[in-house]
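Scroll down for the structure; my scribbles are underneath it.
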Amino acid sequence: MNDSPAPTDAPVLDVWCDLQCPDCRSALDDLRALRARYGDRLELRLRHFPLEKHKHAFAAAQAAEEALEQGKDWEYVEAVLGRVEKLDREGEPFLVEVARELGLDAEEFDTALVDGRHILIVDADQAEGQAIGVTGTPTYVIGGERLDGGKSQEGLRERVTEIADRLLAEREQ
């Protein structure tokens with residue numbers, strides 16, 4: 001899932017995320033800052049890594065994919081992450097409520113959660129994450145380097161910026 005079409009040769013920042021994870025919520029400011037700094041020069045992709053300990057994270061990942069189909073992916077992700085406690089308490093009805101708040105087709109969200117049309121995308125992300133060693137969220141992968149934000153957010157934005165700047169400079173040569 002990404003915010004806008006990036007040039008095909010733009011560096012990619014994969015953000016492995018669990019939408020019920022307080023650490024992922026803490027990472028929102030960094031993600032906003034990176035999107036503001038780089039715009040379409042950096043492709044920011046949400047990758048799903050719902051953790052077993054968060055019982056609504058798998059449904060939230062599917063809902064995020066439905067938001068992507070309806071054109072409001074990051075807006076939806078930020079709205080859900082901003083209220084992880086409410087997701088903890090209310091589960092799937094909250095996911096549909098957020099869709100309604102954002103002017104999305106809430107009935108289609110409800111249907112998507114029931115029919116499981118996005119399960120394969122979520123499963124594939126999770127399998128790929130496990131294959132590259134993702135164990136917690138958020139985890140960032142850029143330029144072949146994996147940065148674990150689940151342990152600490154300290155210094156991560158600076159490290160991502162350093163790598164992105166290097167990749168962009170290499171691309172311009």
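Got a sec? Which helices (runs of 4 or more DSSP H) wholly within the stretch 12-74 have at least 1 residues that are over 16 Å from V122 (Cβ atoms) and in contact (Cβ under 8 Å) with a residue 60 or more places away in the chain?
22-26, 28-38
Being of a type outside the set (D, E), open to solvent by less than 20 Å² (accessible area, probe 1.4 Å), assigned to a strand (DSSP E or B) and touching a Phe, Trp or Tyr at 6+ places or on another chain (Cβ under 7 Å), is that true of even one residue in the stretch 127-145? Show your work before the answer.
At the first step, the residues of the stretch 127-145 found to be of a type outside the set (D, E) are 127, 129-144.
Subsequent filtering for residues that are open to solvent by less than 20 Å² (accessible area, probe 1.4 Å) retains 129, 134, 136-140, 142.
Okay, now just the ones that are also assigned to a strand (DSSP E or B), so 139-140, 142.
Checking the rest, the ones that are also touching a Phe, Trp or Tyr at 6+ places or on another chain (Cβ under 7 Å) come to 139.
Yes, because at least one residue in the stretch 127-145 is of a type outside the set (D, E), open to solvent by less than 20 Å² (accessible area, probe 1.4 Å), assigned to a strand (DSSP E or B) and touching a Phe, Trp or Tyr at 6+ places or on another chain (Cβ under 7 Å).
Considering the stretch 51-63 alone, what residues qualify as being farther than 16 Å from P93 by Cβ and open to solvent by less than 10 Å² (accessible area, probe 1.4 Å)?
Matches in the stretch 51-63: A61 only.
Can you tell which of R171, R157 is in a helix (DSSP H, G or I) and under 18 Å from the mean Cα position of the chain (by Cα)?
R157
Do we find that E170 is surrounded by fewer than 16 Cβ atoms within 10 Å (Cβ to Cβ) and either under 27 Å from A63 (Cβ atoms) or of a type in the set (K, R) (or both) in this structure?
Working: surrounded by fewer than 16 Cβ atoms within 10 Å (Cβ to Cβ): yes; either under 27 Å from A63 (Cβ atoms) or of a type in the set (K, R) (or both): no.
No: the conditions fail for E170.
Is there a residue in the stretch 109-126 that is open to solvent by 80 Å² or more (accessible area, probe 1.4 Å), among the charged types (D, E, K, R) and at pLDDT 95 or above?
yes
Here's a check for you: in the stretch 1-38, which residue that is open to solvent by 40 Å² or more (accessible area, probe 1.4 Å) and among the small types (G, A, S) is modelled with the highest pLDDT?
A36
The values are calculated or read from the model by the stated rules, or taken from the named source; none is laboratory data. Computed from a predicted structure; not experimentally measured. Every residue, glycine as well, gets a Cβ built from its backbone with ideal geometry; the counts of neighbours run over all protein chains shown. To get the accessible areas, we keep the full protein, side chains included, count just its heavy atoms, and leave off ligands, DNA and RNA. Shrake-Rupley method; radii C 1.70, N 1.55, O 1.52, S 1.80 Å.
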